[in-house]
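Written out below as C-alpha cells is the structure these notes cover.
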Amino acid sequence: MNGLTVTIIAANEADRIGAAIESVRFADEVLVVDSGSTDATVAIAKSLGARVIETDWPGYRDQKNRAAGWAKYDWVLGLDADERVDEVLAASIQSALKTPKAFGFEMARQGHWMGAAIGFGTWRPDRAVRLYDRRKGLWAGGSVHERVEVDGPVVLLDGDIQHYPFRSLDEQLSDIGRYANLFVDDAIKAGRRGRVVDLVFRPVAHFLKAIVLRQGFRDGARGWCLAMLGATAVMLKWGMLYLRQGRR
C-alpha cells in the first residue's frame, strides 16, 4: 500500500483530537498542525503517537496546504479535529491505496447535531475530496469552504467521515458570525457586491432547498432548525456585505 499521512489542523481541540487520531490508526503517519493551543491538544496528540508541528495561523486553506507540504508521504488525507473516519471508510481508503486508480478520492460526511445523525437537508449528502496525491492536488478556495482540487480523475469511496461540528448552539452561532466576516472579506477582495435582492431571496432559497428539495423536514425539529440557521447564515453574509460596501 502507498504510504499515507493524515493531516489534522487544530487549536484548542483537547476534547476531540483524541477520537480523530484513534479513527485513523491505519495511517502511516498522523500529523497534527497546531496553531497556538492553550489546552492539552498538543500533549494528547503526542501521547497518541502523532507528529506535532506548532506554528501560526494563516487561514484554513493555507494551513491545510502547509500540513500537506510537511507530510512524510505523498498521499494525504485531510481530516479536521471534529471528524472521525468510520470503519467502512477506513477499509475503503486502505483498499484504494493498494493500487490507486485516481489522484483524488471523494468521501461523504455524516453530520451530527444535537445528539443525532442528520440524514437530509444541506448536511446530507455532503461529499468532498479529502484523500489525494499532493503531487496532483492542493487545497483551493477562499477563507472559508476550502476544497481540494485535483488535476486528474476522482473516485467516490464507500463509508463516511463522522462529523461533530458544534459542541453547543452558542458555538454554532459564534461560527456563523465568524464565517460571515470571512465571507465578506473574500467577497470585497474579489470585487463582489451585495444587493438587496441577495439579502431577500438567497436566505429563502436556502431554506426551501434544505427543507423541500433536500427533504430536511424528514429530520424533524432538527431539520427545521438547521434550515433556519442555514438561512440566517446566508442572510447575515449577504447583509453584512451589502452594509460594508455601503460604508466604503
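Every number here is computed from the coordinates shown, using simple stated rules; none is lab data. Just so it is clear, the model here is predicted, and its values are computed rather than measured. Please note: Cβ atoms are built from the backbone with ideal geometry, for glycine as well, and neighbour counts cover all protein chains shown.
Some points to look at:
- Long-range Cα-Cα pairs in the range 4-163 (distance over 26 Å), rounded percent: 21 percent
- The residue list Leu208, Gly111, Tyr60 was ranked by how far each Cα lies along the charge dipole of the chain toward its positive end, using unit charges on Cβ atoms, and Leu208 comes out on top.
- Column: log10 I(q)/I(0), Debye, Cα scatterers of the range 106-162, q = 0.14, 0.27, 0.29, 0.31 Å⁻¹: -0.46, -1.11, -1.17, -1.22
- More than 25 Å apart - percent of Cα-Cα pairs taken over the range 78-237: 40 percent
- Taken about its Cα centre, the range 169-247 carries a charge dipole of roughly 380 debye when the Cβ of each Lys and Arg holds +1 and the Cβ of each Asp and Glu holds -1.
- Sites matching trypsin sites (Lys or Arg not before Pro) across the range 137-181 that sit in DSSP coil, with at most 13 neighbouring C-beta atoms within 10 Å: Arg167
- Taking 23 Å as the straight-line reach from the Cα of Lys209, the lysines in range (excluding those fewer than 8 positions away in the same chain) are Lys237.
- Fraction of antiparallel bridges per DSSP, the chain only, in percent to nearest 5: 45 percent
- Protection proxy ranking of 30-41, 53-64 - average other beta-carbon atoms within 10 Å, highest first: 30-41, 53-64
- Taking 7 Å steps out from each Cα toward its Cβ at Trp224 and Asp158 produces label points 3.8 nm apart.
- Charged-residue dipole, Cβ positions (Lys, Arg, Asp, Glu), the chain about Cα centre, Debye nearest 20: 1060 debye
- Sequence-distant aspartates and glutamates (8 or more away, or on other chains) whose Cα lies within less than 16 Å of Lys101: Asp74, Asp133, Asp151, Asp158
- Residues in the range 190-232 reached by a label modelled at Met114 [backbone nitrogen below 19 Å; 7 Å Cα→Cβ]: 207-212, 214-232
- Charges were assigned to the Cβ only: +1 to each Lys and Arg, -1 to each Asp and Glu. The resulting dipole of the range 104-217 about its Cα centre is roughly 300 debye.
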